[in-house]
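The values are calculated or read from the model by the stated rules, or taken from the named source; none is laboratory data. Computed from a prediction, not measured in an experiment: that's the story for all the values here. Note that we place each Cβ from the backbone using ideal geometry, even for glycine, and neighbour counts take in every protein chain shown. The protein model used for the area step is the full one, side chains on, heavy atoms only, and it has no ligands, DNA or RNA in it. Shrake-Rupley method; radii C 1.70, N 1.55, O 1.52, S 1.80 Å.
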Amino acid sequence: MPEIPPLIAFRPSRLCRLAVVALAFGFAGYLSYGVSGIVGLVLGIRALRLIQTSWGDLRGEGVAISAIIASSGAILTGPYLFYLTRSLFVSNQEETLLETCITNQRQVARAFLMYSSDNEGTLPPGAAWCDAAGPYLMSLDSLHCIHLGAHESSYAMNGYLSSMPLNRLESPGEVVLLFDSIPGWNLFGNDSLAVARHKEGLVIARADGHVHWTLPADLNVRTWKPNQ
């Protein structure tokens, strides 16, 4: 009888778990701005070497290579993604602060008009405008810009309008009534007190009650001195 060769047991190859872990770290690197990608790259290279030297006992070479590619991409794009995310966060934060100041000054300007209505059409005196507007405000928080934290007041009154009758203003929609300023209580004056604290500009309220953001360069003598 012919001699029967001995049977050789077949052992199926196993998926390299290290390659799978490396791939997971590689994709996680895009969420961690490249930090996890560094781990994924090291593990991916290690897994590829183990697979290539396992004599077929381990499989998953494509997974290891994918992990190396994904990790490298995360490392390269991580700083850019971090910068982009931070820029969006700062921009949203600045927009929130700006909208808060616009709302505050709109409420204060409305308080001025209510005061004027109760005082024969006259605006409050500059040296006491915070005290005069206070009773007409729902909260004194309207006098504070959250950009500065807790201060006496974050706004100042146009000194040229101190105790002035509103009917004497020829163009109330052009004249500054309130504006972002250095902190202080009952501050009044002109552009020497103005502070550009929002996107290199400042929030101002006009004498007719409308409020908006503007650049300092857009304010001229006509916006401060009435009837010029």
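Structural remarks
- With respect to (1) closer than 22 Å to residue 208 by Cβ; (2) not in a loop (DSSP other than H, G, I, E, B); (3) not aliphatic (A, V, I, L, M), the lone exception for residue 141 is condition (1).
- Of the residues 86, 49, the single one that is of a type in the set (D, E, K, R) and within 27 Å of the chain's Cα centre (by Cα) is 86.
- In the set (1) in contact with a strand residue (DSSP E or B) (Cβ under 6 Å, 6 or more places away or on another chain); (2) in a helix (DSSP H, G or I), the condition left unmet by residue 177 is number (2).
One line per residue, one yes/no per condition, for (1) open to solvent by less than 60 Å² (accessible area, probe 1.4 Å); (2) modelled with pLDDT under 90; (3) part of a helix (DSSP H, G or I); (4) touching a Ser or Thr at 6+ places or on another chain (Cβ under 9 Å):
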{"residue": "47", "(1), (2), (3), (4)": "yes, yes, yes, no"}
{"residue": "80", "(1), (2), (3), (4)": "no, yes, yes, no"}
{"residue": "100", "(1), (2), (3), (4)": "yes, yes, yes, no"}
{"residue": "107", "(1), (2), (3), (4)": "no, no, yes, yes"}
{"residue": "111", "(1), (2), (3), (4)": "yes, no, yes, yes"}
{"residue": "117", "(1), (2), (3), (4)": "no, no, yes, no"}
{"residue": "129", "(1), (2), (3), (4)": "yes, no, yes, yes"}
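- The set of residues from region 180-194 being assigned to a loop (DSSP other than H, G, I, E, B) and in contact with a Phe, Trp or Tyr (Cβ under 9 Å, 6 or more places away or on another chain) comprises 186, 187, 190.
- Scanning region 192-215 for residues that are in contact with a Pro (Cβ under 7 Å, 6 or more places away or on another chain) and open to solvent by 10 Å² or more (accessible area, probe 1.4 Å) gives 194, 196, 206, 208.
- Region 162-187 - residue that is of a type in the set (A, V, I, L, M, F, W, C) and closer than 19 Å to residue 212 by Cα and, of those, most open to solvent (accessible area, probe 1.4 Å): 182
- Residue in region 144-151 that is modelled with pLDDT of 90 or more, closer than 23 Å to residue 100 by Cα, not charged (D, E, K, R) and not in a helix (DSSP H, G or I) present: no
- If you go through region 33-42 and keep only what is out of contact with any Pro (no Cβ under 8 Å at 6 or more places or on another chain) and open to solvent by 40 Å² or more (accessible area, probe 1.4 Å), you end up with 35, 38, 39, 41, 42.
- Residue in region 187-196 that is out of contact with any Leu (no Cβ under 8 Å at 6 or more places or on another chain) and under 16 Å from residue 153 (Cβ atoms) present: yes
- Test: residue in region 13-32 that is open to solvent by less than 80 Å² (accessible area, probe 1.4 Å), at pLDDT below 85 and farther than 30 Å from residue 86 by Cβ: yes
- Applying the criterion of being of a type in the set (Gly, Ala, Ser) and in a helix (DSSP H, G or I) to the residues of region 57-72, the residue that is surrounded by the fewest Cβ atoms within 10 Å (Cβ to Cβ) is 62.
- Output for region 152-174, where each listed residue is outside any helix (DSSP H, G or I), in contact with a Phe, Trp or Tyr (Cβ under 9 Å, 6 or more places away or on another chain) and either without any contact (Cβ under 8 Å) to a residue 24 or more places away in the chain or among the hydroxyl-bearing types (Ser, Thr, Tyr) (or both): 153, 155, 162
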